Amino acid sequence: TDPPSHFPTDPPTNIPTDAPIVLATNPPTDSTMDPTPLPTSGLTSAPTPGPTLWPTTEPTLADMCGSCVGCAHVTSGVTTCRGPSDTEWVTHATKALCTEHGLGYHWCFTDLELETCPRVSGYNYYTECMANVLSDCAGSRNVYSTNDAKNIKDCTVIGGDLKIASAAGTSVTGVALAYLVNLEKVCGNVHIAQIDAPTLNGLQKLAFVGGSLDISQNSYYGTKDMFLTSLAGLGIKYVGGSIKIAQNYYLEDLGGFGPVTLGGNWAFDLHPGCHSVCEDAGMYVSMYVNCANLCNSDSSYKVTKNGVADTTGMYDAECAGNPYTTAPPTPQPTAQPTPQLTAQPQACKNCWNNIPGVCQQANKVCWNLLPSGECPTDTSPC
């Protein structure tokens, strides 16, 4: 009934004299600080000594870096930016500093909310979009292969919908997306599905979608190296309709996507940690189907969020850099000069022979106006 003799009644003597980095969510600010206290998170008083109270794993994901995963080696609560691999982490205070490294770096959100800006009323962006469509880029376009992408590589504005999707026997890879680098606006809907690329690099300039945006089922036909892991490379700032992001089983966070000026609703599913349980096809016909089965049924690997455009001013600071937050100024008509009243000529004085008139020659001969309202030749108004 007594504790085993090897259980000390006082803290074990092999506790390190320096604070273990796995115990604190924030490093001590004073190097002389006593390193032995346990983490304060969740604890209001000193626990009864015993080996089971010492954590056997590092701090949890929620304590460290919000929605990002792969925190096994994170040692500080200020780490907010993930590198291209799950084990590379850097400390950055802002999203901008994080993305300066390149497309492979993710900003870690703590609230898993899409940053949105209220839609500007009273300005028709769709009309503006259509006014800039060239004849070669009018109507809708489908990109099912690299050749399809080449065919629209010179388009800056597409007048209809844009669908980017792999199909059985064809594949949309990063090579295909690179041909879309000039695209800035799509006046209709954008659907990105079943592509075989880990990022959306190539769509950096695509800032405007007049309709809705749908990013789903990436990658359906590819291997794990081709699953979409990041929204990096997507430059969208305005969506006139709704945003849907779903069934992308290697997509763990929003990767810095936003803020977006939004006209409709938004909804997304993220799958933190899913990649660790569905790396092969398992008993299913494809790896995608295996991931769908494992990570939809287990809520541990699925985060679902939805909402509408923010109207509270919560993201005002972020929205300040969005060009679609405020409408362009309405052209004002050019002011026309106010017509000046023509002065009425007065009767001349001292006219020769006392013959009155309103026009006078040099020798004071006076004349009346012509029917046209002008003075006769060689005369001037008095």
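Can you give the accessible area of Thr156, probe radius 1.4 Å, in Å² rounded to 10?
Its heavy atoms expose roughly 50 Å² to the probe.
Where in the stretch 191-211 does the label zone of Lys153 land, with the point 7 angstrom along Cα→C-beta and an amide N cut-off under 18 Å?
Within reach of a label on Lys153, which here means backbone N under 18 Å from a point 7 Å along Cα→Cβ, the stretch 191-211 contributes 201-206.
Sort Lys364, Lys349 from largest to smallest accessible area, using a 1.4 Å probe on the heavy atoms of the protein chains.
My answer, sorted largest first, is Lys349, Lys364.
Expected output is a single nm value to one decimal: the length gained when fully extending between Ser380 and Glu279, i.e. 0.36 nm times separation in residues minus the C-alpha distance. What is it?
26.4 nm
Contour minus end-to-end for Ser121 and Ser135, with contour as 0.36 nm per residue of separation and end-to-end as the Cα-Cα distance?
Roughly 2.1 nm would be gained on extension.
With all protein chains present, calculate the accessible area of Thr146 using a 1.4 Å probe and round the result to the nearest 10 Å².
Thr146 exposes around 40 Å² with every protein chain in place.
So if each residue of separation counts as 0.36 nm, and I subtract the Cα-Cα distance between Asn296 and Leu370, what length gain in nm does that give?
That works out to 17.1 nm of additional length.
Sorted by accessible area with a 1.4 angstrom probe, largest first, how do Trp367, Trp266, Trp352 fall?
I get Trp352, Trp367, Trp266, largest accessible area first.
If one computes the Cα centroid of the stretch 279-308 and of the stretch 168-223, what distance in Å separates the two points?
21
What number do you get for the stretch 125-273 when its Cα radius of gyration is normalised by 2.2 N^0.38 Å, N = residues?
Details: Rg = 14.2 Å, N = 149, 2.2 N^0.38 = 14.7 Å.
So the stretch 125-273 has a normalised radius of gyration of 0.97.
Please work out how much accessible surface Ser297 shows to a 1.4 Å probe, ignoring ligands, DNA and RNA, in Å² rounded to 10.
Its heavy atoms expose roughly 90 Å² to the probe.
Please compare each pair in Lys244/Lys305; Lys244/Lys302; Lys163/Lys237; Lys150/Lys224 to a cut-off of 22 Å on the Cα-Cα distance and tell me which ones are over it.
Pairs exceeding the cut-off: Lys150/Lys224.
Taking the Cβ-Cβ separation of Asp225 and Asn306 as r and a Förster radius of 30 Å, what is the calculated FRET efficiency to the nearest 0.05?
Using R0 = 30 Å, I get an efficiency of 0.50.
Report in % the part of the accessible area of the stretch 204-330 that belongs to carbon and sulfur, leaving out ligands and nucleic acids; probe 1.4 Å. Before the final figure, lay out each step's value.
Values: 2730 of 5220 Å².
About 52 percent, which is the carbon plus sulfur part of the accessible surface.
The values are calculated or read from the model by the stated rules, or taken from the named source; none is laboratory data. Predicted, not measured: the structure shown is a model, and the values here were computed from it. We place every Cβ from the backbone using ideal geometry, glycine too, and count neighbours over all the protein chains shown. The protein model used for the area step is the full one, side chains on, heavy atoms only, and it has no ligands, DNA or RNA in it. Shrake-Rupley method; radii C 1.70, N 1.55, O 1.52, S 1.80 Å.
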